[in-house]
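What follows is a short report on a single structure.
We did not get these values from a lab; they are worked out from the coordinates using the rules stated. Quantities reported herein were computed from a predicted structural model and do not represent experimental measurements. All Cβ positions, even for glycine, are placed from backbone atoms using ideal geometry, and neighbour counts span all protein chains on display.
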Amino acid sequence: MEVTTFQKLENTYKGKKVFLTGHTGFKGAWMLKVLSLLGAEVKGYALAPYTENDLYHLIKGDALCDSVLADLRNKKRLEQEILDFQPDFVFHLAAQPLVRLSYEIPAETFEVNVIGTANVLDAVRLLNKKCDVVLITTDKVYHNNEWIYPYRENDRLGGYDPYSASKACTELVIDSYRNSFFNTKTYTSHQKAIAVARAGNVIGGGDWSQDRLIPDIAKAFALEKPVVIRNPNSVRPWQHVLEPVVGYLLLGAHLAIEPLQFSQAYNFGPHLSDALPVAEMLKLAIGSWGKGEYIVEQTEKQPHEAGLLKLDISKAINELKWQPKMNAKQAVSMTMDWYSEFAKNKENISEFTTEQINEFTS
């Protein structure tokens, strides 16, 4: 009988200690739910959820982990929690993740994303045991030339907006720590493997963030109002949140077995055919929901956002044996099903989320 991806991951994470930053966020809550189903012992470190109906509370997150509500910039607290826990794995998802918000709080964005990551790596440096670390950045770390070619892991890094620039800076910090303290040539002495995951635009149930397409769609449709969009022609690599979450876990599993081989960066995104314009995604969402309208916001004073961005995922496919399971239409359908269920039966949403994970991993 063929071993499923879920079984492979269960073999790696069942009974293992996983330190997860950002566990109260959208992607972090999905990660927490999957880890709990895999049988991992999780300690989460993040700020308190800041949205109404946040996914973390909907999935009863406090019952799935030892939750620490604290700031990444609190270096001593972060260090204490990691050292007390003695993790086998660290997944660092916590961040200030919004492009438009980064224009309002640029310095804080750099503090959280760059210094916060340095604080995580500093704490890991003090661990006197084997530990595999996966640090999540973004597809926006690449210096964006607005060209049709998909970006590969060895392409130039950079960033126009404060968010993108902060993540590119974060990658420089990671590279420095990997060379200076976690060098693969001296692995036997430090026993720390450091990998980076760069994911494209993720969608999925439970995302209520401001200025994100799917949350805006879900909120507008629920109120029977038209969706207001800014850049209908912007092309993004859309994927369901479970695609990169499983990718991160696969990367961690490979690190645990071959730390020297996989201590590097990997892109996680959809196939190129699923890098679609915003307007096309909206049409798919309307088709899935059954009705809906949208209007384009006409304003000349919008902050800059990249118009075209594609990722080359061949490295993850070839080396990690990971690849997207769903196309854009399936990802949108699964996402809108979640929001539809939430609107009809909020009390059942934790079980529904589990059902979607089981459906995906089977």
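Report the calculated FRET efficiency for Asn233 and Asp84 (r = Cβ-Cβ distance, R0 = 51 Å), to the nearest 0.05.
Working: r = 50 Å, r/R0 = 0.98.
Efficiency at R0 = 51 Å is approximately 0.55.
Under a Cβ-Cβ cut-off of 9 Å, what is the net charge of the residues other than Ala256 that fall near it, where Lys and Arg count +1 and Asp and Glu count -1?
It works out to a net charge of -1.
Which value, in Å³ per residue, describes the convex hull spanned by the Cα atoms of the range 135-192?
Hull volume normalised by residue count: 86 Å³.
Going by amide H atoms built from the backbone, whose H comes under 5 Å of the H on Phe268, apart from near neighbours?
Under 5 Å from the amide H of Phe268: Arg198, Ala199, Gly200.
What relative contact order, as a whole-number percentage, does the range 5-361 give when Cα pairs under 8 Å and 6 or more residues apart are counted?
Reported as a whole number, the value is 17 percent.
Which net charge results for the neighbourhood of Met281, defined as the other residues with beta-carbon distances under 12 angstrom from its beta-carbon, given Lys and Arg at +1 and Asp and Glu at -1?
Every neighbour counted, the sum reads +1.
Taking every DSSP beta bridge that has both residues in the chain, what percent is antiparallel when rounded to the nearest 5?
Bridges in the chain that DSSP calls antiparallel: roughly 10 percent.
Return the long-range amide H neighbours of Lys16 (sequence gap of 5 or more, or a different chain), with a cut-off of under 5 Å between placed amide H atoms.
Under 5 Å from the amide H of Lys16 lie the amide H atoms of Glu41, each far enough along the sequence or on another chain.
Which residues make up the longest stretch of the chain clear of trypsin sites (Lys or Arg not before Pro) that lie in a DSSP loop with no more than 14 other Cβ atoms within 10 Å, not counting the sites?
Formally, the longest exposed-site-free interval is 157-290.
First select every other residue whose beta carbon is under 14 angstrom from the beta carbon of Lys225; then total the charges, Lys and Arg +1, Asp and Glu -1.
Result for the neighbourhood of Lys225: -2.
Compute the distance from the alpha-carbon center of the range 235-254 to that of the range 124-161, in whole Å.
A separation of 14 Å, based on Cα centres.
Rounded, prolate or oblate: which fits the range 54-193 when a ≥ b ≥ c are the square roots of the eigenvalues of the alpha-carbon gyration tensor, with rounded for a/c under 1.5 and prolate only if a/b beats b/c?
oblate
If you stretched the chain out fully between Lys17 and Lys325, how much longer would it get, using 0.36 nm times the residue separation minus the C-alpha to C-alpha distance? Write out the running numbers ahead of the final one.
Working: separation 308, 0.36 × 308 = 110.88 nm, distance 2.77 nm.
Full extension of this stretch gives 108.1 nm more.
Given 0.36 nm per residue, what is the gain on full extension from Asp62 to Leu126 after removing their alpha carbon distance, in nm?
Stretched out fully, the Asp62 to Leu126 stretch lengthens by 20.3 nm.
Label Thr186 and Glu104 with points 7 Å out from Cα along Cα→Cβ: what is the distance between them in nm?
4.4
How large is the dipole of the chain about the Cα centre if only Lys and Arg carry +1 and Asp and Glu carry -1, each at its Cβ, rounded to the nearest 20 debye? It would help to have the intermediate numbers written out before the result.
On the way: 39 positive and 44 negative charges, 138 e Å.
Roughly 660 debye for the chain.
Using the charge dipole of the chain (Lys, Arg: +1 at Cβ; Asp, Glu: -1 at Cβ; taken about the Cα centre), state which of Ala193, Asn345, Thr51 has its Cα farthest towards the positive end.
Ala193
Which FRET efficiency, nearest 0.05, do Lys8 and Ala70 yield, Cβ-Cβ r, R0 35 Å?
E between Lys8 and Ala70, to the nearest 0.05, is 0.60.
If R₀ is 35 angstrom, what is the calculated FRET efficiency for the pair Glu258 and Glu111, using the beta carbon separation as r and rounding to 0.05? Can you show the working numbers first?
Details: r = 34 Å, r/R0 = 0.98.
After rounding, the FRET efficiency stands at 0.55.
As a test of the formula, what do you get for the chain when each DSSP H run with n ≥ 4 contributes -39,500 (n - 2.57) and the sum is divided by the residue count, at 222 nm and rounded to the nearest 500 deg cm²/dmol?
Value at 222 nm, helices only, nearest 500: -12500 deg cm²/dmol.
Translational D (Stokes-Einstein, µm²/s) of the chain at 10 °C and 1.306 mPa s when Rh comes from the Kirkwood sum over C-alpha pairs?
Result for D is 77 µm²/s.
Under 5 Å between amide H atoms, partner at least 5 residues away or on a different chain: which partners does Leu276 have, H built in plane at 1.01 Å?
Arg236, Trp238
I need the phi-derived Karplus couplings for the range 95-112: 6.51 cos²θ - 1.76 cosθ + 1.60, θ = phi - 60°, integer Hz, Gly and Pro marked x.
With the stated coefficients, the range 95-112 comes to 5, 8, x, 10, 5, 5, 5, 5, 6, 8, 10, x, 5, 5, 4, 5, 4, 5 Hz.
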